[in-house]
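The structure appears right after this line, and notes come after that.
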Amino acid sequence: MYLRKKQGDHIDSPNRLWIIIGATLGAFLMSRFIGGLENPPALMQSKNIFIHFYSNQTIVGGLLGGLAGVELIKKMIKEKKASGDLFTYPVMLALIIGRIGCFSMGIYEETYGLPTSLLWGMNLGDDKLRHPVCLYEIIFLILLWIAIVQLERKFSLQNGAQFKIFMISYLVFRFLLDYIKPHYTFSLGLSTIQIVCLAGLVYYCRYILYPKKLIQPSALITA
């Protein structure tokens with residue numbers, strides 16, 4: 001609401017409200033669905049599958065589910081304008097706050113890292129020095145925030161480019177971060193989160209292969 005008041009919004013209020021509803025429902029459903037698939041053995045042994053899915057969640061599933069919910073709603077209301085930029089900084093801020101909470105829980109929240117011999121390994125509650133992956137993510141998000149601000153100052157970005165840059169960067173980061181987190185690994189050597197991250201990157205591949213699509217054509221001519 002603050003950003004909308006400060007910089008305006010090219011999407012009408014009723015459509016923006018529907019987009020928020022689509023994002024919320026998509027994020028809620030997909031975060032639980034992907035979270036429930038992270039540990040197949042636990043899923044198979046679960047006495048109540050509904051409770052298993054409801055009690056497990058992941059932000060990667062939430063982000064991609066929110067994206068899917070928004071795109072579905074936009075097709076229904078026939079809204080063709082990109083809508084993600086207004087969410088970019090609020091989502092990043094929410095992630096930073098959330099990871100502070102995860103870090104404070106130590107090993108009692110399943111967001112801790114593998115044991116490490118590195119100097120910055122931390123005892124998160126089990127007397128083992130582990131990768132403080134929550135702190136890694138907080139640092140990454142702060143640096144990404146700064147990078148997006150600098151890109152905005154240097155280039156005239158396309159509408160929706162902010163959110164695309166955030167999503168691509170975060171999916172790459174989470175794919176790599178999972179290598180230093182305990183998880184169930186499938187026979188192909190990847191976790192559920194890594195597979196989902198790859199699926200998200202495939203969705204954004206046209207911008208990864210042709211990053212100039214994120215910049216206004218007039219800005220490219222000027223440059």
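The values are calculated or read from the model by the stated rules, or taken from the named source; none is laboratory data. Remember, predicted model here, so these are calculated numbers, not experimental data. Cβ placement follows ideal geometry from the backbone for every residue including glycine, while neighbour counts extend to all protein chains displayed. Remember, those area values only see protein heavy atoms, side chains included, never the ligands or the DNA or RNA. Shrake-Rupley method; radii C 1.70, N 1.55, O 1.52, S 1.80 Å.
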Of the accessible area of the chain, computed with a 1.4 Å probe and all protein chains kept, carbon and sulfur make up a percent value of 67 percent
What are the residues whose amide H is under 5 Å from the amide H of Ile215, where those residues sit 5 or more places off or on another chain and H is modelled from the backbone?
-> Gln158
Per-q log10 I(q)/I(0), the chain, q = 0.10, 0.11 Å⁻¹ (Debye; single scatterer per alpha-carbon; no solvent) | -0.52, -0.62
FRET efficiency for Leu17 and Tyr203 from the Cβ-Cβ distance with R0 = 22 Å, rounded to 0.05, comes out at 0.30
Folded to 0 to 90 degrees: helix 133-154 orientation relative to the chain principal axis, Cα = 10 degrees
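In Å², what does the accessible area per residue of the range 72-223 work out to with a 1.4 Å probe?
Working: 8800 Å² over 152 residues.
Here the per-residue accessible area is 58 Å².
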Karplus couplings for the range 63-76 from phi (6.51 cos²θ - 1.76 cosθ + 1.60, θ = phi - 60°), rounded to Hz, Gly and Pro as x?
-> 5, 6, x, x, 4, 5, x, 5, 5, 5, 5, 5, 5, 5
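Over the range 120-223, what is the relative contact order in whole percent, taking alpha-carbon pairs under 8 Å and six or more residues apart?
Relative CO of the range 120-223 lands at 25 percent.
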Taking a straight Cα-to-Cα line shorter than 13 Å from Lys80, and setting aside same-chain aspartates and glutamates fewer than 8 residues away, one finds Asp12, Glu71
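State to the nearest 20 debye the size of the charge dipole of the range 127-169 about its Cα centre, where the only charges are +1 on K and R beta carbons and -1 on D and E beta carbons. Let's see the in-between values first.
Details: 5 positive and 3 negative charges, 20 e Å.
In total the dipole reaches around 100 debye.
Give the relative contact order (percent, whole number) for the range 25-152; include only Cα pairs under 8 Å separated by 6+ residues.
Working: 135 pairs, mean separation 24.3, N = 128.
Value for the range 25-152: 19 percent.
Hey, got the dipole for the chain? About the Cα centre, +1 on K and R Cβ, -1 on D and E Cβ, debye to the nearest 20?
Values: 22 positive and 13 negative charges, 169 e Å.
Magnitude of the dipole: close to 820 debye.
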Taking Cα atoms only, helix 161-177 is inclined relative to the longest principal axis of the chain by an angle, in degrees rounded to 10, of 20 degrees
Assuming R0 = 35 Å, can you tell me the calculated FRET efficiency for the pair Lys213 and Arg4, based on Cβ-Cβ distance, to the nearest 0.05?
-> 0.85
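R0 = 35 Å: FRET efficiency of Glu109 with Ile49, Cβ-based, nearest 0.05?
Details: r = 23 Å, r/R0 = 0.65.
E between Glu109 and Ile49, to the nearest 0.05, is 0.95.
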The helix 192-203 Cα axis meets the longest alpha-carbon principal axis of the chain at an angle in degrees, between 0 and 90 and rounded to 10, of 20 degrees
Expressed as cubic angstrom per residue, what is the convex hull volume of the alpha carbon set of the range 68-151?
-> 119 Å³
Say we join alpha carbon atoms closer than 10 Å with springs in a Gaussian network model of the chain; which of Gly84, Gly36, Gly121 then has the biggest fluctuation?
-> Gly121
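Given the C-alpha atoms of the range 54-115, compute the convex hull and give its volume per residue in Å³.
On the way: hull volume 6.6 nm³, N = 62.
Given the Cα convex hull of the range 54-115, per-residue volume reads 106 Å³.
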How much accessible area does Glu110 have with a 1.4 Å probe, in Å² rounded to the nearest 10?
-> 150 Å²
Applied in sequence order to the range 20-31, the curve 6.51 cos²θ - 1.76 cosθ + 1.60 (Karplus, θ = phi - 60°) yields integer Hz couplings, x standing for Gly and Pro, of 5, 4, x, 5, 5, 5, x, 5, 4, 5, 6, 4
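From Cα pairs below 8 angstrom and at least 6 apart in sequence, can you work out the relative contact order of the chain, rounded to a whole percent? Walk me through the numbers on the way to the answer.
On the way: 258 pairs, mean separation 41.8, N = 223.
Normalised by residue count, the contact order of the chain is 19 percent.
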Scan around Leu129 for amide H atoms under 5 Å from its own, H built in the peptide plane at 1.01 Å from N, and keep only partners 5 or more places away or cross-chain.
-> Thr116
